[in-house]
Amino acid sequence: MEQIALSTLTDGLTFTADLFVDNNFLLLPQSAPISDSIIAALKLWEFDTVLSDGNLSLGGDIGVPQETKEEKKEHIDVSINPIKKAMSKSAAGAALNGDESRMKMVQDVYNEYMNYVERLYTRYATHKTINQKELFETVQELCVFIKDNRRFILRVNPSPENCKQNFLIKHSMRSTVLAIAIAQHMKEMSISKMTELGVSTILHEIGMLRLPPQIYMTNKPLSPSEKNQIKRHPVLGYSILKDLGFPVAIQLGALEHHETVNGEGYPRRLSDTISQNAKIISVCCAFEAITSPREYKDEKSSFEAMFELLLNQKQWYDPQIIKALLCTVSLYPIGSYVFLKNGKLALVIDSNPETPMCPIVQLLTDKKPDGSFKIVQTDNGNLGIARILTTKEKEDVLKAIKNKQEKAATQSKTESIKTTEIKTSESTKAQEDVTEDVDIAFFD
């Protein structure tokens, strides 16, 4: 049996086999959820590990070997209907004038896709099956949805409920949205090829489910031995998708997404023959990982992630894919809060593919006569971006906006958001210098 570190257990987790305290004492039967009280008791008894022959289950029913046609139909309906309902509401919301209403609708659809991906991974973890027809149809609809709502969905972050989901689910979903958006910008893929890319991105980490969960869910840095085990997941994912009969392009996306163009990646140290899907997944995977928090590291800002990829110092990534990402999300990625050179605060709401240094922003302190916030195109002059707000500054600004909204609702009148004075620091000039260098390198 495999040892599972107590530090990796959280309330609600289940396993695909019985959980033991030692070789003789049964702690929990297969599929029974772990509770905070059990974890507290184990700590009180000074147990550091538990034992199991199974892997982590992401939820769902356990141990049903065969399904009837009625059960299969029920599974499909349960999986897809929430997404279709959310999409229907989003389509209705698209007719509304307010961006805020549209954003909420898109967030709801995104959350339902997250839930679908969780069910997909759960289904494989517990039944070793994936409904390919359902998956392809769902991803094709996602491609259309992203095209219609690109500037909104690129601003979406997982809801508080989704943040509790397994990081593989969050990572796969965010990477998939980025991958499809990049493919749409490049305009080289048919809808069928774009759907294959989306399916491959959703499944690119499926091989992790063949590894002990304490390795990929740990909150501590991995040992050399554990890192070597993690490096098996592309081959394991490829094997899973091959056995399930997925198209070769999707198999290669999973197998090659950690290959690098300098030939130093894994598992096969390829360079010239890396598939296009894998190159796109590699860039999206890196951007998402840099900007996401993990138990053992803090997240970096989307600007820092974009700049790190642009430097590409180790020549890991295809420069054309990085450029496509830049043009898709801009140097100041959609959803970033920025400080303009004229002293205004703004939210980046869309990219400008012709000039990635100058995205479209929504001013946070200026409103139009109808009460909506002004939207402007930044430039290289007074409306230029001085710098990205720090995490603390962003939190303060959002808190100030929320307080104003609550006060306005209480008093039943509209008040202008007071301008928050943020002094530019020496980092502002440094950031302007490095972004200018990047602009020259890519567009001179």
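Only the coordinates and a few stated rules stand behind these numbers; no lab work does. As the structure is a computational prediction, the values presented were derived from the model and not from experiment. We place every Cβ from the backbone using ideal geometry, glycine too, and count neighbours over all the protein chains shown.
Taking only the Cα atoms of the range 224-379, the ratio Rg/Rh comes out at 1.09, with Rh defined as the Kirkwood radius.
Is the C-alpha gyration tensor of the range 138-246 telling us rounded, prolate or oblate? Criteria: a/c under 1.5 is rounded; beyond that, a/b larger than b/c is prolate, otherwise oblate.
oblate
Rg to Rh ratio, the range 313-381, alpha-carbon atoms and Kirkwood radius? Checking Rg against Rh, the ratio lands at 1.09.
For the residue pairs Lys147/Lys193; Lys341/Lys374; Lys84/Lys279, the C-alpha atoms sit more than 22 angstrom apart in Lys84/Lys279. Note on Asp396 and Lys231: the extension gain reaches 55.4 nm, defined as 0.36 nm multiplied by sequence separation minus the Cα-Cα distance. With contacts taken as Cα pairs under 8 Å at a separation of at least 6 residues, the range 144-236 carries a relative contact order of 25 percent. Would you work out which of Tyr317, Ala254, Asn403 lies farthest towards the positive end of the dipole of the range 253-406? Charges go on Cβ: Lys and Arg +1, Asp and Glu -1. After comparing all options, I get Asn403. Under the criterion of Cα pairs below 8 Å and six or more residues apart, the relative contact order for the range 222-294 equals 23 percent. Pairs of Cα atoms nearer than 8 Å and 6+ residues apart set the relative contact order; for the range 198-319 it is 23 percent. Normalising the Debye intensity of the range 342-408 to I(0), with uniform scatterers on Cα atoms only, and taking log10 at q = 0.19, 0.23, 0.24, 0.26 Å⁻¹ returns -0.83, -1.10, -1.16, -1.25.
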